1. Express the relative contact order of chain A as a whole percentage, based on alpha carbon pairs under 8 Å and six or more residues apart in sequence.
2. How many nm is it between the label spots at A:F131 and B:S35, if each spot is 7 Å from the Cα in line with the beta carbon?
3. Taking the inverse of the average 1/r across all pairs of different Cα atoms in region A:47-349, what Kirkwood radius in Å do you get?
4. Please turn the phi angles of region B:219-225 into ³J(HN,Hα) values with the Karplus equation 6.51 cos²θ - 1.76 cosθ + 1.60 (θ = phi - 60°), one per residue in order, whole Hz, x for glycine and proline.
5. Explain nothing, just compute: Karplus ³J(HN,Hα) = 6.51 cos²θ - 1.76 cosθ + 1.60, θ = phi - 60°, for every residue of region A:32-39 in order, whole Hz, x for Gly and Pro.
6. Could you tell me the total accessible area buried at the A-B interface, probe 1.4 Å, in square angstrom to the nearest hundred?
7. Explain nothing, just compute: Karplus ³J(HN,Hα) = 6.51 cos²θ - 1.76 cosθ + 1.60, θ = phi - 60°, for every residue of region B:14-30 in order, whole Hz, x for Gly and Pro.
8. Per residue, how many Å² of accessible area does the protein assembly as shown show with a 1.4 Å probe?
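The values are calculated or read from the model by the stated rules, or taken from the named source; none is laboratory data. Since this is a predicted model, take the numbers as computed values, not measurements. Ideal geometry is used to build each Cβ from the backbone, glycine not excepted, and the neighbour counts take in all protein chains shown. To get the accessible areas, we keep the full protein, side chains included, count just its heavy atoms, and leave off ligands, DNA and RNA. Shrake-Rupley method; radii C 1.70, N 1.55, O 1.52, S 1.80 Å.
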Amino acid sequence: MLYREAGQFKTSYSADQAIFSIAQDRWFVMIVLLLGFVGVPLVANQYLYTEVFIPVLILSIAAIGLNILTGYCGQVSLGTGGFMAVGAYAAYNLALRIPDMNFILVFALSGVVAMLVGVLFGLPSLRIKGFYLAVATLAAQFFLEWAFARVKWFTNYAPSGSVAVGKIELFGFAIDTPDRKYLFVLALVVVMALAAKNMVRGRLGRSWMAMRDMDIAAEIIGIRPLNAKLSAFAVSSFYIGVAGALWGFLRLGSWEPLAFDINRSFQVLFMIIIGGLGSILGSFLGAAFIILVPIFLNQLPHLLGIPLSTAAVSHIEFMVFGAMIVFFLIVEPNGFARLWAIAKEKLRLWPFPY
Amino acid sequence: MRASAGQGVAAGDIVLSVEDVSLGFGGVQALTGVSFDIRNGEIRAIIGPNGAGKTSMLNVINGFYHPQSGRITFKGKTRSKMRPYEAARGGIARTFQNVALFKGMTALDNIMAGRTLKMHRGVLWQILRVGPALAEEVEHRLKVEEIIDFLEIAHIRKIPVGRLPYGLQKRVELGRALAMEPNLLLLDEPMAGMNLEEKEDMSRFIIDVNNHFGTTIALIEHDMGVVMDLSDRVVVLDYGRKIADGTPDDVKRDQKVIDAYLGVGH
Ligand SMILES: Nc1ncnc2c1ncn2[C@@H]1O[C@H](COP(=O)(O)OP(=O)(O)OP(=O)(O)O)[C@@H](O)[C@H]1O
Ligand SMILES: [Mg+2]
């Protein structure tokens with residue numbers, strides 16, 4: 001009986017409404033936070049920071065953003081890459097044009113810029129759904145890619161079209177080493193994940209899910225489709241924009257529009273499908289999976305002593321992702337997050353399976 | 001739940017009146033010159049054979065369909081057009097003939113969603129979820145728990161409604177409508193597809209809602225026994241026209257009604 005709900009009587013509804021209502025869940029989160037802030041810095045090396053932890057954390061923010069729009073509100077989007085680009089270029093221009101701006105503010109404002117653009121491209125969702133909306137967001141993706149490649153102002157007339165960012169400083173601290181970057185991103189992720197969790201289990205989240213599950217019924221209980229859908233686009237794009245800014249500044253350092261192309265959109269979409277649609281935890285699991293599998297597959301031939309070409313490895317990667325996506329779409333649309341919940345359910349009953 | 005007599009409308013006064021409403025879809029005339037009224041605090045049944053236009057009538061009342069002609073006066077305000085969320089804001093709640101719940105959400109969340117219009121804390125408060133925001137969430141949760149107890153669905157509150165049997169889904173849907181504390185509750189065949197026991201439970205809930213909370217109810221139902229037991233007055237539609245209007249006993253004896261029902265083999 002590792003995982004027990006019994007015996008923990010919830011004495012009030014506010015206790016029942018606490019984020020992690022079972023003590024074990026609270027412990028789990030505490031341990032993860034402790035590992036994140038203390039454990040990882042003790043063991044991680046540069047490679048792990050730059051290739052694993054930082055990318056997983058940043059893309060988790062993007063995945064949470066897309067999950068809010070697609071998983072919670074039911075609006076499919078293929079424009080994630082484009083909205084990340086908006087965040088990245090907004091941050092680049094803010095840092096460039098307003099020297100000495102606090103970087104928290106830079107990233108927050110980049111999120112706001114992405115939010116405005118997201119709402120604009122979200123307007124068609126008031127008229128169209130499903131496949132047609134997906135196509136409209138695809139158009140947004142291509143438009144944004146085009147704009148950042150062609151409108152030279154965005155890249156400060158850099159002849160190569162590629163932009164590079166300078167040093168990041170926060171309250172006198174230079175965020176320049178991998179471990180500092182990691183801790184900075186981790187702190188942001190914790191705050192943003194908590195905020196997202198609170199939103200999805202409050203009135204806003206219920207109105208998004210209501211829209212997703214049955215828009216007609218949502219309207220008759222007084223939810224305005226305009227408010228519900230556009231607020232989902234707004235919050236989602238904010239998260240994705242911040243993720244884009246962080247990706248540019250803390251992961252890449254210098255980039256071209258290609259870094260935020262349609263492949264990025266698909267990558268984040270796969271994260272939420274595999275991790276779990278409509279789950280904040282799933283956004284993390286999906287991001288970790290999508291980042292770790294290629295790394296693992298690259299190491300595998302070494303470990304097994306089988307010589308495999310990089311081409312073969314990347315083919316295997318495609319096949320693994322393809323199979324996983326088909327599996328989750330057909331068998332378990334709620335992804336890893338649901339498998340996790342089932343496992344918890346089993347643990348709760350164990351060793352008495354009834 | 002508070003007693004929800006319409007503001008400024010005394011018991012027994014007319015809370016909703018439908019005047020000369022006509023509605024067509026291309027070639028099909030769903031409603032033709034229908035007029036009737038609903039008094040505050042009553043249970044008003046709308047009956048008629050299949051395709052008579054009953055559901056269309058509810059859809060007109062809560063703004064899903066916009067009639068080609070005619071007027072609707074609700075709580076003293078006359079209009080010919082409004083959006084469903086405006087109807088909700090005005091105090092009209094409804095359930096659907098084919099359950100229209102949020103399948104991926106738990107029973108509790110479905111009913112909580114019914115409180116949307118009553119919750120006012122902004123996004124920032126919701127993000128923080130402390131102090132007044134949490135207090136609001138808890139306050140509404142308490143109301144919802146009352147409804148859950150009233151409908152005897154405490155045991156299923158954390159289950160996604162898509163996994164519930166049909167009878168319970170209908171109950172949750174009623175719960176969601178009640179959570180809105182409506183002045184006027186529109187029920188479209190709340191007992192369709194239920195067994196006898198479930199029908200009795202549902203009848204009891206409807207009567208209790210009407211008695212204890214004073215909610216005015218418009219009810220579409222095919223089961224004549226239920227209609228005769230529950231309703232104060234009955235309006236009968238056939239081929240989109242009103243053919244009778246009165247107490248259950250009057251309507252039952254009306255030759256036009258008997259013909260209409262015999263005509264379709266009820
Ligand atoms: N959206 C629509 N488009 C076209 N025709 C419609 C639409 N809604 C209703 N109708 C038609 O209007 C007529 C009345 O339909 P309505 O659903 O109101 O009947 P009803 O009395 O509720 O019947 P039932 O007892 O079968 O539920 C029917 O002929 C129906 O086909
Ligand atoms: Mg009907």
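1. 30
2. 4.9
3. Values: mean 1/r = 0.0505 Å⁻¹.
One over the average 1/r among Cα pairs gives 19.8 Å for region A:47-349.
4. 3J(HN,Hα) across region B:219-225, in whole Hz: 10, 9, 8, 8, 6, 4, x.
5. The phi angles translate into 4, 5, 4, 4, x, 8, 10, x Hz.
6. Details: alone 18120 and 12390 Å², together 27410 Å².
Using a 1.4 Å probe on protein heavy atoms, the buried area is about 3100 Å².
7. Ordered by residue, 3J(HN,Hα) equals 6, 9, 9, 10, 10, 10, 6, 7, 10, 9, x, 10, x, x, 7, 9, 7 Hz.
8. 44
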